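Notes for the one structure printed next.
The values are calculated or read from the model by the stated rules, or taken from the named source; none is laboratory data. Remember, it's a predicted structure, so these values are computed and weren't measured experimentally. Virtual Cβ from ideal backbone geometry, glycine too; neighbours counted across all protein chains shown. These area figures cover heavy atoms from the full protein model, side chains too; ligands, DNA and RNA do not enter into them. Shrake-Rupley method; radii C 1.70, N 1.55, O 1.52, S 1.80 Å.
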Amino acid sequence: DRERTACFPDDAKPFEKEMHGAFTEDVETGVVYTGIPGYGLCAISPDLTKWARLGVDERLKGNIHGLVCFKHGGETLLALAQNDDSRVLICGLDGRVRQQLSQPKGGEFDFGEANAYYSDTPIVNMPPYPAPPHAPRFACTDVTYLNGRLYVVTGYCEGDFCLTATEKDGKWAWGPTAWGGKGPERGRFSTAHGVFAHDGHIFVANREAHQVLEFTPEGSLVRAMPDLPHNARICNVSYAGDHKYFVMNALEPIRHTPAKTAPIYAHSGERLLSTIEPGELGIPVLKHLHNVWPHYVVEADGKRRLYLLVHGWSAGKYAVLKHEPDGAPSVPRGWRYWAEDGLVTPRPK
């Protein structure tokens, strides 16, 4: 949708190439929220035509890698996961920062591995010894909310966990539930990149394991979502309520396939329904995708039309895709390989 895509604010265009974030939505008002590094926290009107920058706090100009709009204690709030700044900000809808959640200190969780990780202080060699390269101890990648808890994933550091925070007397604090840790074993993570609450469960996009994992709110593994394409580096998960399917995006084109741009998937929860390839829609700059969010607009004829809001990555880019229900359907593509005449040839699933 060229018209809605062009509503991106003019004064934000110098920052568009740095986009590395996500979207969330107030389900009661239909307002969409997102962040642009260097520019700030933004609200997009329900019809996707008007943008407003929120708040004056300089912290909002940091990268908002993931965020969630949630209702808690009768008030609607935003939680912003800022990976580069190692913090989660709790904000009002006006953009005023209410609280900052920084790195846990250890001891907050009923999970010994997380307590040990955060209480350990790495030894830094002083000159003349070479200092080790800087690596963040707490790089939060996304946040969601379910039944009074914030769930935060930390996939951009060695402490690859799903952590929780709860509120008491107006203050949020870490603990006690946590799980995960880096590794290939069941229920562990290889870059927990996105987290999403749906139908009473927590879904984690385990990017480098090419999985979406479903957990109970206490962290018990339910399953790995079936029928995802092999080698798809899934970044995020969301849900299109009217259509009753999950929407998820891969970071990049599936390697060793003919695809030129990162795919977007529609998934029933049991099987892959459709593959949307932005490159086929004439948007080649979207080779890499960081986040895709389904949003419904009530149009002039009174019908609710599905749109997909896209955060590009690497080269940046904001784009709005419009669902055409009478258009040509896309084909689910789960690439497989077999040898033929000495070549490796892709075949649709």
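Taking the listed residues Thr154, Thr166, the one that is among the β-branched types (Val, Ile, Thr), within 18 Å of Ala79 (Cα to Cα) and open to solvent by 30 Å² or more (accessible area, probe 1.4 Å) is Thr166, with no other qualifying. Just checking, does the range 49-72 include any residue being modelled with pLDDT of 95 or more and touching a helix residue (DSSP H, G or I) at 6+ places or on another chain (Cβ under 7 Å)? Yes, the conditions are met somewhere in the range 49-72. Each residue in the range 244-268 was checked for being in a loop (DSSP other than H, G, I, E, B) and in contact (Cβ under 8 Å) with a residue 60 or more places away in the chain, and 7 pass. Scanning the range 307-332 for residues that are open to solvent by 10 Å² or more (accessible area, probe 1.4 Å) and either under 24 Å from the mean Cα position of the chain (by Cα) or modelled with pLDDT of 95 or more (or both) yields Leu308, Trp313, Ser314, Ala315, Lys317, Leu321, Lys322, His323, Ser330, Pro332. Is it true that Arg53 is basic (Lys, Arg), over 26 Å from Leu163 (Cα atoms), touching a residue at least 40 places away in the same chain (Cβ under 8 Å) and in a strand (DSSP E or B)? Against the criterion (basic (Lys, Arg), over 26 Å from Leu163 (Cα atoms), touching a residue at least 40 places away in the same chain (Cβ under 8 Å) and in a strand (DSSP E or B)), Arg53 qualifies. Which of the following residues is exposed (fewer than 15 other Cβ atoms within 10 Å of the Cβ), without any contact (Cβ under 8 Å) to a residue 40 or more places away in the chain and within 24 Å of Val195 (Cα to Cα): Arg223, Arg271? That would be Arg223, the only listed residue that is exposed (fewer than 15 other Cβ atoms within 10 Å of the Cβ), without any contact (Cβ under 8 Å) to a residue 40 or more places away in the chain and within 24 Å of Val195 (Cα to Cα).
Scanning the range 57-72 for residues that are open to solvent by less than 10 Å² (accessible area, probe 1.4 Å) and either without any contact (Cβ under 8 Å) to a residue 40 or more places away in the chain or small (Gly, Ala, Ser) (or both) yields a count of 2.
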